[in-house]
Amino acid sequence: MEREMTLHEAQMDLLRVVGRMKSVAQIQELRQIVSDYYARKATEGMDRLWESGEWSAEKNEEILNTHLRTPYRCSQ
């Protein structure tokens with residue numbers, strides 16, 4: 001069963017921008033801009049959590065000391 005793929009307005013805008021780029025350096029610059037945007041949004045989100053009291057140094061320590069890795073068993 002084949003599904004039709006549709007792009008929303010933001011995706012179309014980005015395709016237009018990328019389509020006008022003439023060099024790899026321009027594409028790398030755009031990647032950096034997008035990366036910086038998401039890094040700033042993550043920082044703003046964490047700042048809000050700290051200011052609201054939902055996040056703290058204690059919570060950081062708790063996560064740092066939590067074992068999150070899945071134990072793997074060697075097959076014999």
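The values are calculated or read from the model by the stated rules, or taken from the named source; none is laboratory data. Given the structure is predicted, the values throughout are model-derived calculations rather than measurements. All Cβ positions, glycine included, derive from the backbone under ideal geometry; neighbour counts span all protein chains shown. Heavy atoms of the whole protein, side chains included, go into the accessibility calculation; ligands, DNA and RNA do not. Shrake-Rupley method; radii C 1.70, N 1.55, O 1.52, S 1.80 Å.
Observations on the structure shown:
- Fraction of accessible area attributable to carbon and sulfur, the chain (%, probe 1.4 Å): 54
- Between residue 26 and residue 69, residue separation times 0.36 nm minus the direct Cα-Cα distance comes to 11.6 nm.
- For residue 55, the residues whose amide H sits under 5 Å from its own are 50, ignoring neighbours fewer than 5 places away on the same chain, with H placed 1.01 Å from N.
- The chain - mean residue ellipticity at 222 nm from DSSP helices (-39,500 (n - 2.57) per run, n ≥ 4, rounded to 500): -21500 deg cm²/dmol
- This model, with +1 at the C-beta of Lys and Arg and -1 at the C-beta of Asp and Glu, gives the chain a dipole about its Cα centre of some 460 debye.
- Pair residue 13, residue 43: separation of 7 Å Cα→Cβ label points (nm): 2.2
- Accessible surface computed residue by residue for the chain, with neighbouring protein chains in place and a 1.4 Å probe, gives 103 Å² per residue.
- Neighbour-limited loop hits for chymotrypsin sites (Phe, Trp or Tyr not before Pro), the chain (at most 13 other Cβ within 10 Å; DSSP other than H, G, I, E, B): 72
- Loop sites here are GluC sites (Glu not before Pro) outside DSSP states H, G, I, E and B with no more than 15 other Cβ atoms within 10 Å. The longest part of the chain free of them is 5-53.
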